[in-house]
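What follows is a single structure, written as structure tokens, with notes after it.
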Amino acid sequence: MHENLLNELFQTINPIKGKGSIHAAFVKDEYEWAVTSTTVHIKKGMTVVKADIDLKVGEKTSKTTAFGKLNISYDKNKNQIKFNVEKISFEIYADVFNNDVLLSTVDITSVYQPEFYLPGPSKLEQTIEIPIPNGPDILVTAKPSSYQIKIVDKRVDVLATYIFEKTLKEPISKRSIDDKTSNN
């Protein structure tokens, strides 16, 4: 599953809005925020969510960025890949004598916590018939035995390990003769 698919999905849910208040040493004010754009970045072994935020503190408006983690897991029984934003936050600064001073770190996870499921890999569980000219046909059943999520550059892979079981199939001609004799 490529990160572009996830990015398109996240874009459809925006904007998501929230509000709060700052109670810092020298500032007490209300703020409002809105997630306007979300991008998922998948790198080997990690996933990062970056959300562009429109921020209004008092009468001042600005733009900032929230960063968080996208948790990815696989439910083998449901054959679904689960995605949920685990933690995402942004910081609010004030300009004090031409210096940026951190007023608050805002954890928006309680409001901005998208969780969704996408279908897992199609299951290969099937039986393959292999004809053998001088003997009974062989039936091979492929069954998934384990799954693993692998996070690689720009995508999420669900890897499956299969086991194969072999059984012999009676030739059709022998079954036809036996079926006719058992009915008489």
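Descriptive notes on the structure:
- Pairing each residue of the range 156-169 that is closer than 28 Å to Val48 by Cα with any residue that is not in a strand (DSSP E or B), provided the two are 6+ apart or on different chains, yields C-beta distances under 7 Å for Val156/Met1; Val158/Gly120; Val158/Pro121; Ala160/Pro121.
- Checking each residue in the range 139-160 for being out of contact with any Lys or Arg (no Cβ under 6 Å at 6 or more places or on another chain) and over 24 Å from Gly120 (Cα atoms) picks out no residue at all.
- Residue within the range 67-75 that is among the small types (Gly, Ala, Ser), exposed (fewer than 12 other Cβ atoms within 10 Å of the Cβ) and free of Cβ contacts under 8 Å to residues at least 24 places away in the same chain present: no
- Residues of the range 39-56 satisfying the condition of being basic (Lys, Arg), assigned to a strand (DSSP E or B) and either surrounded by fewer than 13 Cβ atoms within 10 Å (Cβ to Cβ) or within 14 Å of the chain's Cα centre (by Cα) (or both): Lys43
- Filter result for Tyr93 (under 16 Å from Lys28 (Cα atoms) and either in contact with a strand residue (DSSP E or B) (Cβ under 7 Å, 6 or more places away or on another chain) or assigned to a loop (DSSP other than H, G, I, E, B) (or both)): yes
- In the range 15-38, the residue that is surrounded by the fewest Cβ atoms within 10 Å (Cβ to Cβ) out of those that are of a type in the set (Phe, Trp, Tyr) and under 14 Å from Thr61 (Cβ atoms) is Tyr31.
- Candidates in the range 92-107 are the residues that are within 13 Å of Ser21 (Cα to Cα) and of a type outside the set (S, T, N, Q); of these, the one that is modelled with the lowest pLDDT is Leu103.
- Lys19 being of a type in the set (Lys, Arg) and at pLDDT 90 or above: yes
- Checked against the criterion of being in a helix (DSSP H, G or I), hydrophobic (A, V, I, L, M, F, W, C) and touching a strand residue (DSSP E or B) at 6+ places or on another chain (Cβ under 6 Å), the range 1-12 contains one or more residues that satisfy it.
- Extreme residue, surrounded by the most Cβ atoms within 10 Å (Cβ to Cβ), among residues of the range 153-174 that are outside any strand (DSSP E or B) and at pLDDT 80 or above: Lys154
- Residues within the range 27-61 that are farther than 25 Å from Leu5 by Cβ and touching a Leu at 6+ places or on another chain (Cβ under 9 Å), tallied: 7
- Subset of the range 79-112 [in contact with a Gly (Cβ under 9 Å, 6 or more places away or on another chain), in contact (Cβ under 8 Å) with a residue 40 or more places away in the chain and among the aliphatic types (A, V, I, L, M)]: Ile81, Val106, Ile108, Val111
- A single member of Lys76, Lys150, Lys69 is in contact with a strand residue (DSSP E or B) (Cβ under 9 Å, 6 or more places away or on another chain), modelled with pLDDT of 85 or more and within 26 Å of Met1 (Cα to Cα), and it is Lys69.
The values are calculated or read from the model by the stated rules, or taken from the named source; none is laboratory data. Note that this is a predicted model, so its numbers are computed, not measured. All Cβ positions, glycine included, derive from the backbone under ideal geometry; neighbour counts span all protein chains shown.
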